[in-house]
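A short write-up of the structure that comes next.
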Amino acid sequence: MKTMTDFETALKQSCDRVEANLQKIIKALPCNKVNQAIEYSLTVGGKRLRPALVYQTSKLFDKDDENIDRIAVAIEMIHTYSLIHDDLPCMDDDDFRRGQPSCHKKFNEAVAVLAGDGLLNLAAEILLDGKYSQEYFNAIKFIFNCSGIGGMIGGQAVDIDENKVNDFETLDFLTENKTSKLISACVGAVCIYCNGSINQFEALQTFAENFGKAFQAADDLIDSDSDKNLSYTNLLGKEETKVKIEEYNFIATESVKIFEHCEFFTELCKYNISRKI
């Protein structure tokens, strides 16, 4: 029997923790079609990398409490709502998510829209039920800044623009906003809540930006046979995409070396490379 590495153990522990918290919330929801769609979308699968980054960032600051759980759960809900809406026919029009029917195919478009809305609202409710401090309030604000018009939603707005230019500058903007910003929320919100220094915050933001780009590029490499026009592989080709992943991962890895115990983050970058390269 293969023994798990420290990285695999830490990832599993983080996943198990967020799963347990999500299950508590799901079980407390009233039984109706929208909440069934919420449960389906939250439990259909996924790597849970964002909650793992929340928990592992909290370890950098040696702080772990109920508010950390709230941040992890809320960001996973925000991520899931964004996937539900991205899959809609008016957005990316995808019939499958993680090998299963997307939410609007499993239920219908109206239920999928409401499920996404419900998850975003539920994320806010969960965060606002936390133990208040000025640092926690600032962390919540940062999460919604990253996921809002100036971040994830802003990126999606450009992505659906029929007049967007299919060049690397546009791809870089989309990746930074649609992918990296929510990763920035994971590490940045925890740093803010834990009263980290400016240098620590900037290091984590550099990690998030570059790891997010590397992760998206690796996804594009895995899906290189898709008909998606604006992707790393379609713009750069497979070999140059691999070079870009290495570049982004190097910057991400170097950025977190200001922390004494950054092993999870460096191993995460190695894991990303090993997914397909």
Being aromatic (Phe, Trp, Tyr) and touching a Ser or Thr at 6+ places or on another chain (Cβ under 8 Å) is true for just one of Phe207, Phe168, Phe264. Which residue is that?
Phe207
Can you name the residue in the range 195-208 that is open to solvent by 20 Å² or more (accessible area, probe 1.4 Å) and in contact (Cβ under 8 Å) with a residue 12 or more places away in the chain and, of all such residues, is nearest to Ser147 (Cα to Cα)?
Gln205
Residues that are closer than 17 Å to His261 by Cβ and in contact with a Lys or Arg (Cβ under 9 Å, 6 or more places away or on another chain), drawn from the range 187-207
Val190, Cys194, Ala203
Top-ranked residue of the range 162-194 - restricted to ones that are under 26 Å from Glu267 (Cβ atoms) and of a type in the set (Ser, Thr, Tyr), ranked as surrounded by the fewest Cβ atoms within 10 Å (Cβ to Cβ):
Thr179
Can you find, within the range 53-71, the residue that is nearest to Leu182 (Cα to Cα) among those that are free of Cβ contacts under 8 Å to residues at least 60 places away in the same chain and open to solvent by less than 40 Å² (accessible area, probe 1.4 Å)?
Tyr55
So which residues in the range 241-261 are outside any helix (DSSP H, G or I) and at pLDDT 95 or above, if there are any at all?
Phe259
Could you list, in sequence order, all residues of the range 49-76 that are touching a Lys or Arg at 6+ places or on another chain (Cβ under 9 Å) and outside any helix (DSSP H, G or I)?
Asp65
When you look at His85, is it closer than 23 Å to Asn21 by Cα, modelled with pLDDT of 95 or more, under 19 Å from the mean Cα position of the chain (by Cα) and crowded, with 20+ Cβ neighbours inside 10 Å, yes or no?
no
Which of (1) modelled with pLDDT under 95; (2) surrounded by 14 or more Cβ atoms within 10 Å (Cβ to Cβ); (3) under 22 Å from Ser14 (Cβ atoms) does Ile140 not meet, given it meets every other one?
(1)
Search the range 92-106 for residues that are more than 14 Å from Tyr81 (Cα to Cα) and pair each with any residue that is modelled with pLDDT of 85 or more and in a loop (DSSP other than H, G, I, E, B) when their beta-carbon atoms are under 7 Å apart and the residues are at least 6 apart or on different chains.
Asp94/Asp87; Asp94/Ser102; Asp95/Ser102; Phe96/Ser102; Arg98/Val44; Gln100/Val44; Pro101/Asp95; Lys105/Asp95
Taking the conditions exactly as written (open to solvent by 50 Å² or more (accessible area, probe 1.4 Å) and under 10 Å from the mean Cα position of the chain (by Cα)), does Lys47 satisfy them or not?
yes
I need the full set of residues from the range 1-40 which are closer than 22 Å to Arg98 by Cα, open to solvent by 70 Å² or more (accessible area, probe 1.4 Å) and free of Cβ contacts under 8 Å to residues at least 60 places away in the same chain, in order please.
Lys12, Gln13, Asp16, Arg17, Glu39
Under 7 Å between Cβ atoms, at least 6 apart or on separate chains: pull out the pairs that start in the range 156-172 with a residue that is in a loop (DSSP other than H, G, I, E, B) and end on any residue that is exposed (fewer than 13 other Cβ atoms within 10 Å of the Cβ).
Asn166/Asn229
State which residue is surrounded by the fewest Cβ atoms within 10 Å (Cβ to Cβ) when the search covers only the range 118-132 and only residues that are assigned to a loop (DSSP other than H, G, I, E, B) and in contact (Cβ under 8 Å) with a residue 24 or more places away in the chain.
Lys131
Is one or more of the residues making up the range 101-116 open to solvent by 20 Å² or more (accessible area, probe 1.4 Å), part of a loop (DSSP other than H, G, I, E, B) and among the small types (Gly, Ala, Ser)?
no
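The values are calculated or read from the model by the stated rules, or taken from the named source; none is laboratory data. Quantities reported herein were computed from a predicted structural model and do not represent experimental measurements. Note: ideal-geometry Cβ built from the backbone for every residue, glycine included; neighbour counts use all protein chains shown. Quick note on the areas: whole protein, heavy atoms, side chains included, nothing else; ligands and nucleic acids left out. Shrake-Rupley method; radii C 1.70, N 1.55, O 1.52, S 1.80 Å.
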